[in-house]
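A short worksheet on the structure shown next.
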Amino acid sequence: MGVQGSGKGTQSQMLASDLDLVHIAVGDIFRWNVQNHTKLGAQVRRIMASGELVDDDLAEGVVKDRLTGHDWNYGFIIDGFPRNERQAEFFLESYDIDSVIYLDLPDSEVRRRVLARRLCEGCGMDYNLIDSSPRVEGQCDACGGKLVQREDDTEEALAVRLREYHAKTNPVLDIFRRKEYVVTVEARQDKIAVQQAIRKALNLPPYRGQPAAVDADAGRSRA
Ligand code: AMP
């Protein structure tokens, strides 16, 4: 868990690829549906662009659908869920949770990071103009696609998302804290330092890097 731009996608991808976990990013699933003009995509597009949370039934449906696949023998890491108390209760009732990683980032840093974020409209690869710029400006390194801003990475939508986060998602942390699931990691450090801190806090083996292709993906996971 963590505020927008705290690195949830990047860090969970790094954990997942190294530890054989299935990575589930609820926002990515919604974005895929929007891009592919599915019925679900049509239901969530406007609300996502505004920065508000989509309906709980839809978010829970996406999680249930994804997890009924049972292709996660070694476990899963989920980012972008739960985002409010109702989702947290559904989650606690439905699955065994080992721990909750909270990436702590001040709001002042969020704006800088989020407004620098770019997404390939072809393959969905994530870039950040601060520390993972593409080799050619405006063009995806992986597929040559055009880099665009996420529809909700605007000043207006970001203000709404931050408000939603503080009002609805932060209280979820308190629920998990009461169950002693939460490890807190300072997210202002570079991505490798954050990953090592997560692993130390969870008594996992240190991150030793990945083969180049996987590492590029990890650094620029789909947010
Ligand atoms: P993210 O990529 O995690 O920043 O999510 C992008 C957008 O997808 C959010 O601003 C919401 O509109 C929607 N979304 C993602 N996860 C959830 C969720 N668990 N509950 C409701 N809406 C969500």
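The values are calculated or read from the model by the stated rules, or taken from the named source; none is laboratory data. Being a predicted model, the structure only gives us computed values, none of them experimental. Here the Cβ is made from the backbone with ideal geometry for all residues, glycine too, and neighbour counts use every protein chain on show.
I'm trying to understand the selection: among the residues of the stretch 136-162, which are among the charged types (D, E, K, R) and touching a residue at least 12 places away in the same chain (Cβ under 8 Å)?
Hits for the stretch 136-162 are Asp141, Lys146, Arg150, Glu151, Asp152, Asp153, Glu155, Glu156, Arg161.
Against the conditions (1) modelled with pLDDT under 95; (2) touching an Asp or Glu at 6+ places or on another chain (Cβ under 7 Å), where does Gln87 fall short? Just the number, please.
Of (1) modelled with pLDDT under 95; (2) touching an Asp or Glu at 6+ places or on another chain (Cβ under 7 Å), only one is false for Gln87: (1).
So, Ile24, is that one within 12 Å of the ligand (Cβ to nearest atom), farther than 22 Å from Glu186 by Cα, within 11 Å of the chain's Cα centre (by Cα) and not in a loop (DSSP other than H, G, I, E, B) or not?
Taking the combined requirement at face value, the residue satisfies it.
What are the pairs with Cβ atoms under 6 angstrom where one residue, in the stretch 12-27, is at negative phi and touching a residue at least 12 places away in the same chain (Cβ under 8 Å) and the other, located anywhere, is more than 13 Å from the ligand (Cβ to nearest atom) and of a type in the set (Val, Ile, Thr)? Sequence gap at least six, or different chains.
Qualifying pairs under 6 Å: Ser12/Ile77; Leu15/Ile77; Ala16/Ile77; Ser17/Val214; Leu21/Ile77; His23/Ile77.
Filter the stretch 7-21 for residues that are of a type in the set (Gly, Ala, Ser) and within 13 Å of the ligand (Cβ to nearest atom); which is nearest to Arg112 (Cα to Cα)?
Once the filter is applied, the top-ranked residue is Gly7.
Condition check ((1) within 15 Å of the ligand (Cβ to nearest atom); (2) on the phi > 0 side of the Ramachandran plot; (3) more than 15 Å from the chain's Cα centre (by Cα)) across all residues:
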site: Lys64; (1), (2), (3): yes, no, yes
site: Leu103; (1), (2), (3): yes, no, no
site: Arg112; (1), (2), (3): no, no, yes
site: Leu119; (1), (2), (3): yes, no, no
site: Val136; (1), (2), (3): no, no, yes
site: Thr154; (1), (2), (3): yes, no, yes
site: Ala159; (1), (2), (3): yes, no, yes
site: His166; (1), (2), (3): yes, no, yes
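Search the stretch 63-79 for residues that are over 16 Å from Gln13 (Cα atoms) and pair each with any residue that is surrounded by 10 or more Cβ atoms within 10 Å (Cβ to Cβ) and polar (S, T, N, Q) when their beta-carbon atoms are under 9 Å apart and the residues are at least 6 apart or on different chains.
Short answer, once both residue conditions are applied: Val63/Gln87; Val63/Ser94; Lys64/Ser94; Leu67/Ser94.
Which of the residues belonging to the stretch 27-68 are under 26 Å from His166 (Cα atoms) and not in a helix (DSSP H, G or I)?
Gly51, Glu52, Leu53, Val54, Asp55
What's the number of the condition Leu103 fails, among (1) crowded, with 16+ Cβ neighbours inside 10 Å; (2) in a helix (DSSP H, G or I); (3) touching a residue at least 12 places away in the same chain (Cβ under 8 Å)?
So Leu103 meets the others, but not (2).
So is Ser6 touching a residue at least 40 places away in the same chain (Cβ under 8 Å), within 12 Å of the chain's Cα centre (by Cα) and in a loop (DSSP other than H, G, I, E, B) or not?
Considered against the rule, which asks whether it is touching a residue at least 40 places away in the same chain (Cβ under 8 Å), within 12 Å of the chain's Cα centre (by Cα) and in a loop (DSSP other than H, G, I, E, B), Ser6 comes out as yes.
Could you grab me the full set of residues in the stretch 117-126 that are crowded, with 18+ Cβ neighbours inside 10 Å and of a type outside the set (A, V, I, L, M, F, W, C)?
Arg117, Arg118, Gly124, Asp126
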